[in-house]
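A quick write-up on the structure given underneath.
The values are calculated or read from the model by the stated rules, or taken from the named source; none is laboratory data. Predicted model, so just to flag it, every value in this text is computed and none were measured. All Cβ positions, glycine included, derive from the backbone under ideal geometry; neighbour counts span all protein chains shown. Side chains included, ligands, DNA and RNA excluded: accessible areas come from the protein's heavy atoms. Shrake-Rupley method; radii C 1.70, N 1.55, O 1.52, S 1.80 Å.
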Amino acid sequence: MAKKCILCGEAAVLRIKDTSDFYCQECAEDNFADISILVKVEDEAQRLKAIVDEKLNNLDDDE
């Protein structure tokens, strides 16, 4: 499920770390002085995928 910007409803590309507040690029730039404090949605998705893959590999090794 694609994440949506909480302000305009467009596809989100950034979020505030450890929250469910998602923003599109334009709304993030309009509302934050420094968007480097935001986490890229795709980077976070890749990090979570790596964790899941590692867990699944460990389960396979245990069997």
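How big is the chain on each of its three principal axes, counting only the C-alpha atoms and giving the largest first in Å?
Largest first, the chain extends 51, 23, 14 Å along its Cα principal axes.
In the chain, what is the count of Lys pairs whose alpha carbons are under 16 Å apart, counting only pairs at least 8 residues apart or on separate chains?
Values: K3/K17; K3/K40; K4/K17; K4/K40; K17/K40; K40/K49.
So the count of such lysine pairs works out to 6.
Once amide H atoms are placed 1.01 Å from N in the peptide plane, what residues at a sequence separation of 5 or more from K4, or on another chain, have their amide H within under 5 Å of its amide H?
Counting only residues 5 or more places away or on other chains, the set is A12.
Given the DSSP H assignment, sum -39500 (n - 2.57) over each helix run of at least 4 residues in the chain and divide by its residue total; what's the result at 222 nm in deg cm²/dmol, nearest 500? Kindly include the intermediate steps, with their values, before the conclusion.
Values: 2 runs with 29 residues, N = 63.
Per the formula, -15000 deg cm²/dmol.
Tell me the carbon and sulfur percent of the accessible area for the chain, rounded to whole percent, probe radius 1.4 Å. Don't skip to the end; give the middle numbers.
Numbers: 2540 of 4980 Å².
The computed percentage sits at 51.
Hey, for a label at L56 modelled as a point 7 Å past Cα toward Cβ, could you say which residues of the stretch 1-34 have their backbone N under 20 Å away?
Within reach of a label on L56, which here means backbone N under 20 Å from a point 7 Å along Cα→Cβ, the stretch 1-34 contributes 1-2.
If you count, for each residue, the other Cβ atoms within 10 Å and average over each peptide, how do 22-29, 10-17, 34-41 line up from highest to lowest?
Values: 22-29: 18.5, 10-17: 16.8, 34-41: 12.6.
Going by the mean number of other Cβ atoms within 10 Å, highest first, we get 22-29, 10-17, 34-41.
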